[in-house]
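Novice: First the structure, then my questions, so here it is.
The values are calculated or read from the model by the stated rules, or taken from the named source; none is laboratory data. In this text the structure is predicted, and so the values were computed from the model without any measurement. Cβ placement follows ideal geometry from the backbone for every residue including glycine, while neighbour counts extend to all protein chains displayed. These accessible areas exclude ligands, DNA and RNA; they are computed on the full protein's heavy atoms, side chains included. Shrake-Rupley method; radii C 1.70, N 1.55, O 1.52, S 1.80 Å.
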Amino acid sequence: VQLQASGGGLVQAGDSLSLSCAASGRSLDEYIMGWFRRAPGKEREFVAAITWGGGSTRYADSVKGRFTISRDTAKNTVYLRIDSLKPDDTAVYYCAADRWGNIASMTSSDMDYWGRGTLVTVSS
């Protein structure tokens, strides 16, 4: 599976942004798709995940209510919409895929494929 994330950029605090992750290479029916982020000087952390088949979602507590993950099965693309952006959201955002995973317990070490990441910078 090849993953290509896009949509990052420089935004103002309070703005909204939508990231995309285009997947190719094989069917995603068996996969859980996730978004992770790495802020400057911090470790990579889980942000959100979605099961490709059923569309079940899970969010990190720190982003609930502001982040929305979705997928378009026709376009083989996963999205992450971020509302009310904060400077603390500044990070490189990565999409990843986990085959036959468990969305409830999935962590970065479980992911089978990673995209390159897209940088989001939020100015105050």
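Novice: Cα-based Rg of the stretch 52-105 per 2.2 N^0.38 Å, rounded to two decimals? Before the final figure, lay out the partial values.
Specialist: Details: Rg = 12.4 Å, N = 54, 2.2 N^0.38 = 10.0 Å.
Its radius of gyration relative to the 2.2 N^0.38 Å reference: 1.23.
Novice: Let me ask something else about it. For the stretch 31-124, state which chymotrypsin sites (Phe, Trp or Tyr not before Pro) are in a DSSP loop and have at most 16 other beta carbons lying within 10 Å of their beta carbon.
Specialist: Trp100
Novice: Find the relative contact order for the chain and round it to a whole percent, using C-alpha pairs within less than 8 Å whose residues are 6+ positions apart.
Specialist: Relative contact order of the chain: 36 percent.
Novice: Just in the stretch 1-50: which GluC sites (Glu not before Pro) are loop by DSSP and have at most 16 other Cβ atoms within 10 Å?
Specialist: Here the sparse-neighbourhood loop sites are Glu30, Glu43.
Novice: So, one more: Tally Lys and Arg at +1 and Asp and Glu at -1 over the other residues with C-beta under 15 Å from the C-beta of Asp89: what net charge comes out?
Specialist: My count for the surroundings of Asp89 gives +3.
Novice: Tally Lys and Arg at +1 and Asp and Glu at -1 over the other residues with C-beta under 12 Å from the C-beta of Glu45: what net charge comes out?
Specialist: Residues near Glu45 contribute 0 overall.
Novice: Would you list, by chain and number, the lysines whose Cα falls below 30 Å from the Cα of Lys42, excluding same-chain residues fewer than 8 positions away?
Specialist: Lys64, Lys86
Novice: Just to confirm, what accessible area per residue do you get for the chain at 1.4 Å probe, in whole Å²?
Specialist: 50
Novice: Using each residue's phi in the stretch 46-60, evaluate 6.51 cos²θ - 1.76 cosθ + 1.60 at θ = phi - 60° and report the 3J(HN,Hα) Karplus result to the nearest Hz, with x for Gly and Pro.
Specialist: Once rounded to whole Hz, the list reads 5, 10, 7, 8, 8, 7, 5, x, x, x, 5, 10, 8, 10, 5.
Novice: So, with a 1.4 angstrom probe, what is the percent of accessible area on the stretch 1-122 that is carbon and sulfur?
Specialist: 44
Novice: Something else now. Quick check: with the 1.4 Å probe, what order do Val92, Val63 take by accessible area, largest first?
Specialist: Val92, Val63
Novice: A further question follows. Whole-Å semi-axes of the stretch 1-88's equivalent ellipsoid, largest first, each the root of 5 times a Cα gyration tensor eigenvalue?
Specialist: Listed largest to smallest, the semi-axes of the stretch 1-88 are 23, 14, 13 Å.
Novice: Then there's this: Scan around Thr90 for amide H atoms under 5 Å from its own, H built in the peptide plane at 1.01 Å from N, and keep only partners 5 or more places away or cross-chain.
Specialist: Amide H neighbours of Thr90, under 5 Å, 5+ apart: Val122.
Novice: Another question, then. For Ala22 and Asp110, compute 0.36 nm times the residue count separating them, minus their Cα-Cα distance, and round to one decimal in nm. Don't skip to the end; give the middle numbers.
Specialist: Numbers: separation 88, 0.36 × 88 = 31.68 nm, distance 1.98 nm.
Full extension of this stretch gives 29.7 nm more.
Novice: Moving on. Between Gly65, Gly14, Gly25, which gets the highest mean-square fluctuation from a Gaussian network model of the chain, Cα cutoff 10 Å?
Specialist: In the Gaussian network model the winner is Gly25.
Novice: May I ask which residue of Ala23, Trp100, Val120 lies farthest towards the positive end of the charge dipole of the chain, with charges of +1 (Lys, Arg) and -1 (Asp, Glu) on Cβ and the Cα centre as origin?
Specialist: Towards the positive end, the residue furthest out is Val120.
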